[in-house]
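Participant: Pasting in a structure now, in structure tokens, and then I'll have a few things to ask.
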Amino acid sequence: MHVNRSLQECMRSDYGGPLPLSSGTRLIRKDQPGSAPEPLKVLCVASEVFPLVKTGGLADVTGALSKSLTRLGVETEILLPAYPVVLEKCRDAEWVGQMNLLGHMADLLKARHEGLDLILLRCPELYERGGGPYLDSSGNDHHDNWLRFAVLSLAGARLATEGLGAWRPDLVHLHDWQAALTACYLKAIDAPIPIVLTIHNLAFQGQFSAGTFWNLELPDRFSHMDVMEYYHDISYLKAGIQLADAVTTVSPTYAREILSDRSGMGMAGVLRSRRSVLSGILNGIDSSVWDPETDPSIPFNYSAGNIGPREMNRAAIERQFGLKQGPGPIVCVISRLTWQKGIDMLADMLPVFNEHGAKLIVLGDGGMDVVYPLLEQVRHHSGQIAVQIGYSEEAAHLLIAGSDILLQPSRFEPCGLTQLYALRYGAVPIVARTGGLAETVIDANEAAIASSAATGFHFHPGSKGDLHNALERAFNTHRQTAAWRQLQMRGMHTDFGWERSAAQYADLYRSLIGEKITSAVTEQ
Ligand code: ADP
């Protein structure tokens with residue numbers, strides 16, 4: 001590894017209390033009149049980034065958003081823990097500095113991977129171990145997640161204020177509770193840098209016992225109810241929501257839903273009090289990774305103009321998953337296996353599958369308790385149901401490229417990405433009418449069919465009866481070849497690329513930076 005001494009000097013400022021930057025020492029970037037505008041510089045802090053490490057949609061978003069922002073003149077650096085899988089993929093990462101974070105010495109490594117600029121936080125005792133980013137190899141939370149992500153967040157705050165060499169961010173963008181404490185470390189010193197927090201799923205709140213607070217080296221005042229205290233515990237996400245300058249979530253519908261006590265998961269009151277800074281920006285998809293015409297992980301490429309080869313992917317699925325061959329619709333589910341995702345409702349749907357000769361494949365990772373009833377059925381319905389437990393990017397691409405239907409029966413869904421991939425690949429989605437699913441799939445009701453707008457089927461979240469109806473409607477439509485083809489084509493022609501959403505983030509960044517400049521100038 002290359003050692004850069006001058007940067008080592010520059011980054012050495014052991015943290016043991018307030019950040020070593022006096023407040024207000026740096027005014028946010030102002031372009032000189034007549035000079036070409038400098039690109040905006042954004043530091044993203046995240047716990048997963050595709051294609052380096054992924055457990056769900058968060059990784060897809062941090063990776064794809066960053067690439068799209070670059071095309072809009074926004075330079076991003078992503079701060080990410082150096083998990084073993086990350087180090088494996090970034091073998092040529094360069095050592096650029098060291099930080100003492102809550103008593104742990106961490107190295108900073110600079111890497112570039114598939115168009116992404118990364119700062120890897122290497123601290124072997126925190127990030128180099130078995131299991132995944134959040135769970136150990138037995139599926140339990142790592143016992144010290146409070147520390148692992150406080151350290152990540154503190155590193156984010158240090159980079160936001162001190163920069164890395166000549167690189168200094170204009171704004172910091174935090175993703176989910178794992179990065180949310182960056183807002184606390186920055187506000188603790190009144191750092192004049194705007195902070196955006198994106199909530200990808202309100203169900204994950206970074207909730208720890210109240211005593212944890214005293215290990216975080218934050219001012220006592222942050223332990224109170226107006227910042228971190230949360231039902232006698234503390235919540236990192238709550239702290240981020242309270243302190244960020246803007247809070248976004250991943251669809252406008254979810255941004256509205258979480259303001260209600262029913263969907264706010266205990267955080268509705270806090271969110272209502274921050275309503276003026278809360279907005280929803282719909283996720284997009286990385287069209288360079290998810291394109292049926294060029295996707296290297298599917299056996300037969302195809303497009304809306306040449307959909308014939310899709311049939312051969314379908315046959316490949318039947319072979320690979322041991323399903324009976326034949327015209328009955330193939331329904332796939334690709335999901336974390338949890339209650340949120342409604343997987344527990346599937347076993348009761350088998351009669352309607354039988355009736356229509358339909359086949360079901362579930363690819364998922366997570367709670368066996370949720371999937372156990374389904375596994376029981378596999379024994380009785382071999383050739384009709386297949387379950388693959390585990391995470392497989394390749395199997396996910398194949399299923400989306402060959403299944404007739406993608407089912408997403410979530411009880412709630414902030415945005416959902418799989419239905420967007422399905423639309424692009426001509427797998428007609430059946431989705432629960434919630435969050436981003438409701439926004440991105442247009443139900444094939446009479447009006448939508450009459451106006452040629454339908455792209456899939458909706459059902460009421462959590463309702464087995466309505467899920468049954470939606471499956472029945474979809475299976476009946478599947479027999480009408482022309483109507484089915486229309487649904488597929490409309491989905492395939494819908495644009496869910498990141499461009500529009502990335503532009504909304506860029507606008508938000510610019511408005512926050514503008515506000516900071518205005519307030520700094522007014523104060524002078
Ligand atoms: P969430 O982030 O809540 O898990 P999303 O729909 O937003 O749900 O994103 C899930 C992402 O993870 C999608 O890219 C989906 O294809 C992928 N995914 C989920 N489970 C698996 C799995 N078992 N194997 C491969 N990819 C999966």
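Participant: Quick check on the stretch 379-387. Is at least one of its residues in contact (Cβ under 8 Å) with a residue 60 or more places away in the chain, in a helix (DSSP H, G or I) and either aromatic (Phe, Trp, Tyr) or surrounded by 14 or more Cβ atoms within 10 Å (Cβ to Cβ) (or both)? Steps first, answer last, please.
Facilitator: Our first condition is that a residue be in contact (Cβ under 8 Å) with a residue 60 or more places away in the chain; within the stretch 379-387, this holds for 382-384, 386.
Among the residues that remain, those that are also in a helix (DSSP H, G or I) are: none.
Looking through the stretch 379-387, none of the residues is in contact (Cβ under 8 Å) with a residue 60 or more places away in the chain, in a helix (DSSP H, G or I) and either aromatic (Phe, Trp, Tyr) or surrounded by 14 or more Cβ atoms within 10 Å (Cβ to Cβ) (or both).
Participant: Something else about it: How many residues are among the acidic types (Asp, Glu), touching a strand residue (DSSP E or B) at 6+ places or on another chain (Cβ under 7 Å) and within 12 Å of the ligand (Cβ to nearest atom) when one looks only at the stretch 385-409?
Facilitator: Number satisfying all stated conditions: 0.
Participant: Quick one: count up the residues across the stretch 332-360 that are assigned to a loop (DSSP other than H, G, I, E, B), within 16 Å of the ligand (Cβ to nearest atom) and touching a helix residue (DSSP H, G or I) at 6+ places or on another chain (Cβ under 7 Å).
Facilitator: Start the filter on the stretch 332-360 by keeping residues that are assigned to a loop (DSSP other than H, G, I, E, B), which leaves 338-342, 346, 357-358.
Checking which are within 16 Å of the ligand (Cβ to nearest atom) leaves us with 338-342, 346.
Filter once more, keeping what is touching a helix residue (DSSP H, G or I) at 6+ places or on another chain (Cβ under 7 Å): 338-339, 346.
Qualifying residue count for the region: 3.
Participant: Examine the stretch 259-274 for a residue that is assigned to a strand (DSSP E or B), modelled with pLDDT of 95 or more and either among the aliphatic types (A, V, I, L, M) or more than 25 Å from the chain's Cα centre (by Cα) (or both), and state whether such a residue exists.
Facilitator: Applying the first criterion (assigned to a strand (DSSP E or B)) to the stretch 259-274 yields none.
Checked against the condition, which is being assigned to a strand (DSSP E or B), modelled with pLDDT of 95 or more and either among the aliphatic types (A, V, I, L, M) or more than 25 Å from the chain's Cα centre (by Cα) (or both), the stretch 259-274 yields no hits at all.
Participant: Next question. Condition (residue is more than 16 Å from the ligand (Cβ to nearest atom), in a helix (DSSP H, G or I), modelled with pLDDT of 95 or more and within 26 Å of Gly63 (Cβ to Cβ)) applied to the stretch 277-300: is it met by at least one residue?
Facilitator: Yes; the residues of the stretch 277-300 include at least one that is more than 16 Å from the ligand (Cβ to nearest atom), in a helix (DSSP H, G or I), modelled with pLDDT of 95 or more and within 26 Å of Gly63 (Cβ to Cβ).
Participant: Just name the residue that is modelled with the lowest pLDDT out of those in the stretch 472-516 that are crowded, with 17+ Cβ neighbours inside 10 Å and β-branched (Val, Ile, Thr).
Facilitator: Checked the stretch 472-516; the qualifying residue modelled with the lowest pLDDT is Ile513.
Participant: Identify all residues within the stretch 50-86 that are near the ligand (Cβ under 10 Å from one of its atoms) and either more than 18 Å from Gly132 (Cα to Cα) or not hydroxyl-bearing (Ser, Thr, Tyr) (or both); write none if there are none.
Facilitator: Matches in the stretch 50-86: Phe50, Lys54, Gly56, Gly57, Leu58, Ala59, Asp60, Val61.
Participant: Here's a follow-up. So Ile258 passes all but one of these: (1) within 16 Å of the ligand (Cβ to nearest atom); (2) touching a residue at least 60 places away in the same chain (Cβ under 8 Å). Which condition number does it fail?
Facilitator: It is condition (2) that Ile258 fails.
Participant: Here's something else I'd like to know. Just to be sure, is Leu109 under 16 Å from Ala179 (Cα atoms), more than 19 Å from the chain's Cα centre (by Cα), surrounded by fewer than 24 Cβ atoms within 10 Å (Cβ to Cβ) and modelled with pLDDT of 95 or more?
Facilitator: No, not satisfied.
The values are calculated or read from the model by the stated rules, or taken from the named source; none is laboratory data. Please read all numbers here as calculations on a predicted model, not as lab measurements. Note: ideal-geometry Cβ built from the backbone for every residue, glycine included; neighbour counts use all protein chains shown.
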